[in-house]
Amino acid sequence: MMNPKRETRKLFPGAYFVFFFYVFVLCARFQPSEATKDLSVGQVKLQNHGLGSSVVFPVSGNVYPLGYYYVLLNIGNPPKLFDLDIDTGSDLTWVQCDAPCNGCTKPRDSQYKPNHNTLPCSHLLCSGLDLPQSTPCADPEDQCDYEIGYSDHASSVGALVSDEFPLRLENGSTMHPHLTFGCGYDQQNPGPHPPPPTAGILGLGRGKVSISSQLSSLGVTKNVIVHCLSRTGKGFLSIGDELVPSSGVTWTPFARNSPSKNYMTGPAELLFNDKTTGVKGINFVFDSGSSYTYFNTEAYQAILDLIRKDVKGKLDTEEEDKSLPVCWKGKKPFKSVHEVEKYFKTITLRFGSQKNGQLFQVPPESYLIITDKGNVCLGILNGTEIGLESYNIIGDIFFQGIMVIYDNEKQRIGWIPSDCYKLPNLGQDYGGDLSEEAYPRGFGLIGELFSGTDSSKNKNLASDGEL
Ligand SMILES: *[C@@H]1O[C@H](CO)[C@@H](O)[C@H](O)[C@H]1NC(C)=O
Ligand SMILES: *[C@@H]1O[C@H](CO)[C@@H](O)[C@H](O)[C@H]1NC(C)=O
């Protein structure tokens with residue numbers, strides 16, 4: 001556990017006490033994959049909702065070497081663009097805060113500048129959170145401070161603020177809901193990896209403070225999140241249900257014992273090469289904030305043994321390459337995972353019953369990476385080493401080349417193979433490749449539209465002259 005007694009700071013004079021909460025989330029952001037081919041699957045059929053309201057964002061990133069996928073999001077009026085790591089493993093969205101900031105990776109003019117828009121600790125999203133170490137709200141006017149810790153030991157301390165999020169919906173309407181997020185003025189990153197260069201985190205978990213929960217409670221979108229991450233560094237994220245295909249999706253319900261904030265599924269059985277491994281009854285948390293997948297002791301040992309048996313005599317163990325704990329080398333450096341996939345078998349997670357199971361299939365290219373030294377490494381890591389105990393986490397590496405749907409309305413998770421570098425054909429606006437032309441600034445959100453518009457309603461940022 002982390003030290004919850006970090007110094008907090010008043011963003012504005014006049015707030016005497018600080019309401020403080022602390023969250024530990026299952027989310028690991030590590031280095032970590034590789035750009036290769038995508039499953040070629042035809043354009044999926046979409047549910048016909050008529051005029052719907054979803055927000056769609058192009059996604060950039062990769063598992064290795066970047067280790068994260070991000071969207072560009074406008075916040076404020078006038079709007080400022082922030083790159084945020086998409087994280088279905090945590091709820092709170094936060095942005096590096098010019099308060100001023102410790103441990104920020106962005107220059108000051110790329111940080112968020114609060115403007116008397118902190119939330120009081122009496123606010124539902126502050127006091128209503130079920131936090132392990134929340135303290136009573138001493139004065140309802142106190143600033144609501146937060147501390148969030150991630151399983152890679154990175155952390156952010158800041159204050160909750162509320163500001164406008166200019167969004168363009170699929171139905172053509174533009175909206176500017178006020179959403180709550182963290183202004184993070186103290187980031188720490190004690191782990192072995194450099195701090196992520198993004199301006200912050202886009203929290204898409206199940207809790208009330210997550211962006212999708214807020215949009216849904218404001219009636220803007222359904223509380224459904226879709227992400228599609230390609231191996232080639234592109235993809236898309238959508239909030240709302242318009243991109244959900246009407247058929248072909250494999251659905252599994254949230255686990256009955258799921259923690260209220262995580263997308264936990266299961267129990268599931270682990271198969272290797274379509275055969276049982278004897279590992280069953282395990283739960284999986286779907287977490288886009290984790291680059292890699294983490295198995296518990298039993299599952300990790302089982303998979304490692306089976307893979308080692310298969311590659312014995314074909315590939316040599318490589319111990320110099322520190323990219324990941326388990327690597328192999330060939331006679332010559334590998335350029336692509338396709339050169340080695342013949343040595344590896346498909347891993348399958350079977351949810352539900354043996355007869356009527358829902359299969360989540362992971363081909364070798366979705367659990368291996370090729371490092372910059374040309375070695376092949378296993379993208380499934382030992383969860384016990386980062387203190388996950390009984391948890392298993394499915395991270396970005398397993399999500400490549402599939403559309404993953406987090407359906408909070410029906411309490412289920414779905415997946416379907418997909419061309420993630422293409423947006424599903426919703427209409428004239430969004431068809432075609434996600435090329436640079438299809439990626440205008442402000443796509444899925446509004447940029448230009450906002451400068452110079454009437455801002456008299458927006459007491460907090462109206463005079464802030466930034467951008
Ligand atoms: C689009 O959806 C939003 C949110 O549901 C709604 O408020 C708006 O009226 C819709 N616009 C059109 C043109 O239907
Ligand atoms: C996983 O990590 C734990 C804790 O460090 C260790 O005891 C265990 O042996 C590891 N398992 C494997 C297969 O390396």
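Annotations
- Test: residue in the stretch 335-345 that is among the hydrophobic types (A, V, I, L, M, F, W, C) and within 21 Å of the chain's Cα centre (by Cα): no
- Residues (hydrophobic (A, V, I, L, M, F, W, C) and either within 26 Å of N62 (Cα to Cα) or part of a loop (DSSP other than H, G, I, E, B) (or both)) located in the stretch 272-303: F272, V279, F284, V285, F286, F295, A299, I303
- Restricting the first member to the stretch 364-393 and to residues that are acidic (D, E), and the second to residues that are within 14 Å of ligand 2 (Cβ to nearest atom), the beta-carbon pairs closer than 9 Å and six or more apart or on different chains are E385/Y294; E385/P325; E389/N296; E389/T297; E389/G383.
- Scanning the stretch 304-353 for residues that are within 24 Å of H193 (Cα to Cα) and part of a strand (DSSP E or B) turns up T317, E318, C327, W328, K329.
- Any hit, the stretch 384-407, residues being within 16 Å of ligand 2 (Cβ to nearest atom), surrounded by 17 or more Cβ atoms within 10 Å (Cβ to Cβ) and in a strand (DSSP E or B): yes
- Hits in the stretch 215-233 - residues which are part of a helix (DSSP H, G or I) and either within 16 Å of ligand 2 (Cβ to nearest atom) or buried (at least 21 other Cβ atoms within 10 Å of the Cβ) (or both): L215
- Selection count, the stretch 371-383, where residues are among the small types (G, A, S), more than 16 Å from ligand 2 (Cβ to nearest atom) and buried (at least 22 other Cβ atoms within 10 Å of the Cβ): 0
- Residue in the stretch 199-208 that is under 16 Å from the mean Cα position of the chain (by Cα) and over 27 Å from P65 (Cβ atoms) present: yes
- Residue match in the stretch 407-428 (condition: in contact with a Gly (Cβ under 8 Å, 6 or more places away or on another chain) and modelled with pLDDT under 60): yes
For (1) at pLDDT 95 or above; (2) out of contact with any Phe, Trp or Tyr (no Cβ under 6 Å at 6 or more places or on another chain); (3) under 30 Å from S323 (Cα atoms), each residue gets a yes or a no:
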position: T180; (1), (2), (3): yes, yes, no
position: N189; (1), (2), (3): no, yes, yes
position: P197; (1), (2), (3): no, yes, yes
position: G203; (1), (2), (3): yes, yes, yes
position: K208; (1), (2), (3): no, yes, no
position: G233; (1), (2), (3): no, yes, yes
position: E242; (1), (2), (3): no, yes, no
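The values are calculated or read from the model by the stated rules, or taken from the named source; none is laboratory data. The structure displayed is predicted, hence computed values, not measured ones. Every residue, glycine among them, receives a Cβ derived from its backbone with ideal geometry; neighbour counts consider all protein chains shown.
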